[in-house]
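Notes follow the structure.
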Amino acid sequence: MARMNLKSVSKENQVDQEEFAVIGRIRSAWGRWGEVRIQPSTDNLSRFSPGQSVYIGSQRYVSGASRIHKGDVLLKLEGVNSFRDAEALQGAWIEVPLEWLAELPENTFYHFQLLGMDVWTSQGEHLGKVEQIIETGSNDVYVVRGGKRETLLPAIEEVVREVDVMAGRMVVVLLEGL
């Protein structure tokens, strides 16, 4: 499941308001020819392949050469030709329009779709909102916070019974001990 954050950004030469998904953040400039070091927040690293378009702020960039280095992506962007150019982008979010995201199989969601979602038990008790998603080897774990209470919910069919992305609502069944 891809890990992305959702942002709404106004873009020039596009529809007035379009929603974008964050696919990474620029950590720093890399080398003297204008490469940037990116901390990816997507499982789909092909988004950084040569020829792919990405947005930084309101500017569209085309990816040049890219490679993986210690878990980060080193990327050359067209038009970014010096260390100083790359350094000016430090800390910026790298985004793509939501319409560019791949369609997921049924009952599979992007993390950004779940973060902030209200969580209710099947008995109608409001547990809080999904504030974090922990990736484990076997399944994700949703960190739900409501007031001073924190609940960890494994993302398995026995627990998560309903997810309504449009309504921002998840219904769960608490297993013994949760």
Residue 92 open to solvent by less than 50 Å² (accessible area, probe 1.4 Å), small (Gly, Ala, Ser) and in contact with a strand residue (DSSP E or B) (Cβ under 9 Å, 6 or more places away or on another chain): yes
- request: Output the number of the condition that residue 109 fails; it satisfies all remaining conditions of (1) surrounded by 13 or more Cβ atoms within 10 Å (Cβ to Cβ); (2) more than 30 Å from residue 149 (Cβ to Cβ).
  value: (2)
query: Could you list, in sequence order, the residues of the stretch 136-149 that are in contact (Cβ under 8 Å) with a residue 12 or more places away in the chain, open to solvent by 30 Å² or more (accessible area, probe 1.4 Å) and within 16 Å of residue 126 (Cβ to Cβ)?
result: 145, 147, 149
statement: Of 171, 159, 130, 119, the only residue that is of a type in the set (Val, Ile, Thr) and within 29 Å of residue 45 (Cβ to Cβ) is 130
- request: Name every residue in the stretch 26-57 that is under 14 Å from residue 93 (Cα atoms) and touching a Ser or Thr at 6+ places or on another chain (Cβ under 7 Å), in order of residue number.
  value: 37, 48, 54
message: What's the number of the only condition in (1) within 30 Å of residue 51 (Cβ to Cβ); (2) among the hydroxyl-bearing types (Ser, Thr, Tyr); (3) part of a strand (DSSP E or B) that residue 108 fails to meet?
response: (3)
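Would you point out the residue of the stretch 86-131, among those that are among the acidic types (Asp, Glu) and within 30 Å of residue 33 (Cβ to Cβ), that is modelled with the highest pLDDT? Outline the logic, then answer.
Of the stretch 86-131, the ones among the acidic types (Asp, Glu) are 87, 95, 99, 103, 106, 118, 125, 131.
Remaining after also requiring within 30 Å of residue 33 (Cβ to Cβ): 87, 95.
Values: 87: 97, 95: 93.
Among them, the one singled out is 87.
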query: Of the residues that make up the stretch 138-152, is at least one over 20 Å from the mean Cα position of the chain (by Cα), outside any strand (DSSP E or B), basic (Lys, Arg) and under 30 Å from residue 49 (Cβ atoms)?
result: no
query: Within the stretch 78-97, can you find the residues that are assigned to a strand (DSSP E or B) and either touching an Asp or Glu at 6+ places or on another chain (Cβ under 8 Å) or at positive phi (or both)?
result: 97
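The values are calculated or read from the model by the stated rules, or taken from the named source; none is laboratory data. As the structure is a computational prediction, the values presented were derived from the model and not from experiment. Here the Cβ is made from the backbone with ideal geometry for all residues, glycine too, and neighbour counts use every protein chain on show. Heavy atoms of the whole protein, side chains included, go into the accessibility calculation; ligands, DNA and RNA do not. Shrake-Rupley method; radii C 1.70, N 1.55, O 1.52, S 1.80 Å.
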